[in-house]
Structures are given as structure tokens and as C-alpha cells.
There are 2 protein chains.
Amino acid sequence: MLSKKTKYGLKALTFIARSEGDSPVQVGEIAKSEQIPQKFLEGILLTLRKSGILGSKKGKHGGYYLRQEPSEIKMTDVMRVLEGPIAMIPCVSLNYYEKCYDCPDEHQCSVHKLMIEVRDNTLQVFRNTTLADLSGV
Amino acid sequence: MLSKKTKYGLKALTFIARSEGDSPVQVGEIAKSEQIPQKFLEGILLTLRKSGILGSKKGKHGGYYLRQEPSEIKMTDVMRVLEGPIAMIPCVSLNYYEKCYDCPDEHQCSVHKLMIEVRDNTLQVFRNTTLADLSGV
DNA sequence: GTAATCCCTACTAAATTGATAGGAATAATA
DNA sequence: TATTATTCCTATCAATTTAGTAGGGATTAC
């Protein structure tokens, strides 16, 4: 299941991409428009900022803005920040690999083989999709 | 993340497929060989039996067996029984559709569009993979 | 009748999720 | 300088899910 965090994060990014203006976009504005609990969204945008996807401006008239063009922001990066590893199981994760304690030889593991395929297909989608595709910008 | 339940279930099915003999395969045998807690595995195999993928024989010399040839057992069915919906979000689920309470028009939702693509790609993998592919039988 | 096996229910500890609360730090502006 | 609006940070919490354990009933082979 996609977490609410990821869902809200994607919606917020889309909203920001569509609000391309001079001034940054405020959390309250996004929260209200997308029906997301504001305090929850605050934390999500903070995560996105710390990961380098968003920039922020503090204080009055502050808010968030994209650090790159929407067409440069790939879903692989966004999803890894929000949802974590793309692989469904650590033993096939490119970025968070971990051996299965119960698997003597993973090249003979049926689950491993299947999950490699799922991962590759999902990766292909995320690599070929940018925020521009999501937001229509 | 793939649950342990699903991982164990897939390994057990693979084991049973590879043990094609006259007599059914016993839980204890699978648990020992695949390093799965036996009581936990019992419940998983029960689920697979109730869903019609496995058959069982009770009593002494009892155990579990496949109801179809491995090449007839599709991953779509297995995954739905073990892991639940294949879609990452209910609003793109074919079998467990649910509207997002916060989404006025899902055809304009960026998350929706992305998750449809992921779902289609994952479905393609599961539709084209059978237990025979997993077990090499 | 005994032993082995599946079947079923109930329980539990730990982790995760989806928040909420309160306030510190910062910046614009009157 | 004081006020206000905003991001930033930490802590807490309730509900749910996950992974597993426990105990015993029902059924079958021998």
C-alpha cells in the first residue's frame, strides 16, 4: 500500500509545480486545496526539502518551491524519499540491499527472481515519469 | 514491502511444486527445509487451501498438494490471496476499488495516473508468471 | 486406540502509520 | 522595534498491521 505520506507528498509536489509563480507556495494553501492535514503536510514537505527536492523560504511570505524544473524531477527520487525502497523486498533493492537471513543462495530463490522482475518494471515507470508528467506542466 | 506471509507462502508453493510425488507435502517438512516457523506456516497454507490454490489431506500421512499444474497457477491469483490487492492504492484497484474521500475527480489526480501505470506493469509481470516459472518445473 | 497431521481460535509484542500539540526560529513589514 | 506569518523541530499518541506463539479439536492411517 502507498502510504498517506507519499500520496500527500505527490499531491503537494504537483500543486507546487502547477503554482509556478514568483513567490513560494505555503503549506496552508496546499493543505486547504488538497484536503491534507496541515501539520502532517508540514512534516512531509520538510522531508522533501531535506532531501533536496524542495527549497524553502522562512518567515512571512515564506513557503516552498521546486529546486529543479518539473521535467527534471524523477519519480525514482521522489518515491525513494517519500516511500522508501522501490523494491518489495530488501534482497532485490538497489539502494538498500540486505541479505535474507533465511536464504542460503538467493540466485536460487523463487521469490527473489519474481521480485527482481517487479522491481525492474516499477523502476522503468518511475524512471520515465517526471513531475512534469504528473502535473501536466 | 512484501510481507513475510507472502514470502513464506511463495516459498512453500515452490517447495510443493518441486516435491511432485504421490503423497502430499507436510507442513513440518516445508517449515524445516525453508526455515519458516511452523505454526506461522500452518496458517498461511490454510489460507492458500481456502482460496482453492492448495488442496489438503488430513490425518496421518496428510499434507498439502497443488490443485492445478504449476504452469496453471498464476501469480496474480497467488499474490491476491497472500498479499491482497496488487494496486498500491484502492482507487486504481481492479478487484478492491475504493474512491479516495479527498479526491473530487480521480481522472485529474496525479497520483492516480502514476499508480495506474505501476499497477499495469506489475499486473503484466504477475499475469505472465506461473508457479512453474518460479519453481523451474 | 494411538500417533500424526491438518484445522481453528485466541492471544501477544513490536513496529508502523497517521496523525496532533506546542513552541522555537526566522523573516517581512508597519 | 513590535507584530505577524511562516517554516522548523521534537515529542507524543491511538489505531492498525505484522509476525509470531499457544493450545487444543478434528480427522485419518495404521
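Working carefully through the options B:29, B:42, find the one that is free of Cβ contacts under 8 Å to residues at least 40 places away in the same chain, assigned to a helix (DSSP H, G or I) and within 13 Å of DNA strand D (Cβ to nearest atom).
Values: B:29 fails: within 13 Å of DNA strand D (Cβ to nearest atom).
The conditions single out B:42.
Within segment B:117-136, count every residue that is surrounded by fewer than 16 Cβ atoms within 10 Å (Cβ to Cβ) and of a type outside the set (Lys, Arg).
We begin by selecting, within segment B:117-136, every residue surrounded by fewer than 16 Cβ atoms within 10 Å (Cβ to Cβ); these are B:120, B:124, B:127-128, B:132, B:136.
After this cut, where a residue has to be of a type outside the set (Lys, Arg) as well, the list is B:120, B:124, B:128, B:132, B:136.
Selection size over segment B:117-136: 5.
If we keep just the residues of segment A:16-40 that are within 11 Å of DNA strand C (Cβ to nearest atom), among the hydrophobic types (A, V, I, L, M, F, W, C) and farther than 17 Å from residue B:110 by Cα, which is least open to solvent (accessible area, probe 1.4 Å)? Quick ask: steps written out before the conclusion?
In the first step, residues of segment A:16-40 are kept if they are within 11 Å of DNA strand C (Cβ to nearest atom); the result is A:23-24, A:27, A:31, A:35-40.
Going one step further and asking which of them are among the hydrophobic types (A, V, I, L, M, F, W, C), we end up with A:27, A:31, A:36, A:40.
Now drop any that are not farther than 17 Å from residue B:110 by Cα, which leaves A:27, A:40.
Working: A:27: 21, A:40: 92 Å².
Among them, the one singled out is A:27.
Let me confirm something: among B:86, B:53, B:44, which residue is out of contact with any Leu (no Cβ under 7 Å at 6 or more places or on another chain) and open to solvent by 10 Å² or more (accessible area, probe 1.4 Å)?
Working: B:86 fails: out of contact with any Leu (no Cβ under 7 Å at 6 or more places or on another chain); B:44 fails: open to solvent by 10 Å² or more (accessible area, probe 1.4 Å).
From the options B:86, B:53, B:44, the qualifying one is B:53.
Residue B:3: open to solvent by 70 Å² or more (accessible area, probe 1.4 Å) and small (Gly, Ala, Ser), yes or no? Lay out the reasoning, then the answer.
Details: open to solvent by 70 Å² or more (accessible area, probe 1.4 Å): no; small (Gly, Ala, Ser): yes.
So residue B:3 fails the test.
Within segment B:67-83, take every residue that is more than 14 Å from chain A (Cβ to nearest Cβ) and within 16 Å of DNA strand C (Cβ to nearest atom) and give me the one that is surrounded by the most Cβ atoms within 10 Å (Cβ to Cβ).
So the residue we want is B:81.
I want to confirm something. Restricting to segment A:95-137 and keeping residues that are touching a Pro at 6+ places or on another chain (Cβ under 9 Å) and more than 30 Å from residue B:30 (Cα to Cα), which single residue is farthest from the other protein chains (Cβ to nearest Cβ)?
A:95
Could you tell me whether any residue of segment A:83-97 is within 11 Å of DNA strand D (Cβ to nearest atom) and in a loop (DSSP other than H, G, I, E, B)?
Yes.
The values are calculated or read from the model by the stated rules, or taken from the named source; none is laboratory data. Remember, predicted model here, so these are calculated numbers, not experimental data. Glycine gets a Cβ as well: all are built from the backbone with ideal geometry, and neighbour counts include every protein chain shown. With ligands, DNA and RNA removed, areas are computed over all heavy atoms of the protein, side chains included. Shrake-Rupley method; radii C 1.70, N 1.55, O 1.52, S 1.80 Å.
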